[in-house]
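Pasting in a structure now, in structure tokens, and then I'll have a few things to ask.
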Amino acid sequence: MTQQRALQALGRLKVGQMNKTEAAYAATLAQRQHAGEVAWFKFEGLKFRLADNTFYTPDFAVMLADGALEAHEVKGHWQDDARAKIKIAADMYPWRFVAVRVKAKKDGGGWALEEF
């Protein structure tokens, strides 16, 4: 096992458990829900089939107040396979796929969004 793989294995959480960044983003979604922008959201609520034995589970399934459906992926650091999976899912499914990352405080804080 490479050193990078060993470090990744230590940081893995059980399915259904949020890391700190995901929990912070869930709080943001809850605020948006309270403000009426988001109708519903669920952590790891959907699984998209990309090919035989290949799936993509976004961090959050989100329904906006207007009924639009989105898949939000919260990232601190991208692995090549994760970026490939979200791009493939975006090509296959009629959803808006969004990657979300924390913006540094020196850059104003909040969340940076990347649409696929």
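Please compute the Cα-Cα pair-distance distribution of the range 13-115 with 10 Å bins starting at 0, giving whole percents from short to long.
Percent of Cα pairs in each bin: 14, 48, 33, 5, 0.
Okay, helix-only estimate at 222 nm for the chain: each DSSP H run of n ≥ 4 adds -39500 (n - 2.57), divide by all residues, round to 500 deg cm²/dmol; what do you get?
So the helix-based figure for the chain works out to -10000 deg cm²/dmol.
Would you please put 37-49, 55-67 in order of how densely packed they are, using the mean number of other Cβ atoms within 10 angstrom per residue and starting with the highest?
55-67, 37-49
Pulled fully out, how much extra length does the chain show between residue 113 and residue 63, if you take 0.36 nm times their separation in residues and subtract their Cα-Cα distance?
Additional length available on full extension: 16.3 nm.
For the pairs 14/106; 20/42; 20/105, flag any whose C-alpha to C-alpha distance is greater than 26 Å.
Over 26 Å apart, Cα to Cα: 14/106.
Next up: Which peptide among 84-93, 100-109, 26-35 comes first, and what is the full order, when sorted by highest mean count of other Cβ atoms within 10 Å?
Peptide ranking by packing, descending: 84-93, 26-35, 100-109.
Bear in mind that the values in this text are calculations on the coordinates, not laboratory data. All values derive from a computational prediction rather than experimental measurement. Every residue, glycine among them, receives a Cβ derived from its backbone with ideal geometry; neighbour counts consider all protein chains shown.
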